[in-house]
Amino acid sequence: MASDDHQPSPRGLLCNAGAGAATGVIAATFVCPLDVIRTQFQVHGLPNLGTSTVKGSLIVGSLEQILQREGLRGMYRGLSPTVLALLPNWAVSSGSEFIIVTLVCDGTQLSVGANMIAASGAGAATTIATNPLWVVKTSGPVPALAGIGHVAIQILTYEKIKVYLAEQVN
């Protein structure tokens, strides 16, 4: 996707940002029922699962109760606001990581250190670009920048798993 002079292409940037946003939506959709349960636990405490057919499983019993009371729609309560709030994060993170990797990559596999730099840069870019969306949640960009370590670890892990899986296919 990058040209010989290591400049990120607009198409590559768009593809990576779009892929990051899409995978974020998929992941949010997948874990939304667990977020619903977590929120209910935080607000109401642990539920009484006396009527549950699955004894001893707090998560499965809670999912069963939500399905009985609210149906499938109840399992995805809050998904729309989550997607709207996080879509820019996912797009900026993936897009900026693509730009950084393209600039530092010489066509070979990136080292762990280079991956960490790219991931940290992507985390910082995401925090800076999306901070206005999170003003209520944080007290400014400096405290939020302190949390970019998890983004660096996540992207590093993602890159290593991607390379491992690609090698397994070949």
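Taking region 111-126 as the range and being surrounded by fewer than 23 Cβ atoms within 10 Å (Cβ to Cβ), within 19 Å of residue 9 (Cα to Cα) and hydrophobic (A, V, I, L, M, F, W, C) as the test, only 125 passes. Residue count for region 59-110 satisfying the condition of being surrounded by fewer than 16 Cβ atoms within 10 Å (Cβ to Cβ), of a type in the set (A, V, I, L, M, F, W, C) and more than 30 Å from residue 128 (Cα to Cα): 4.
Of the residues making up region 77-117, those that are more than 16 Å from the chain's Cα centre (by Cα) and assigned to a helix (DSSP H, G or I) are 99, 100, 101, 102, 103, 104, 112, 113, 114, 115, 116, 117.
The numbers here are math on the coordinates, done by the rules we state, and not lab data. Small disclaimer: the values here were computed from a predicted structure and weren't measured. Glycine also receives a Cβ, built like all others from the backbone with ideal geometry; neighbour counts cover every protein chain displayed.
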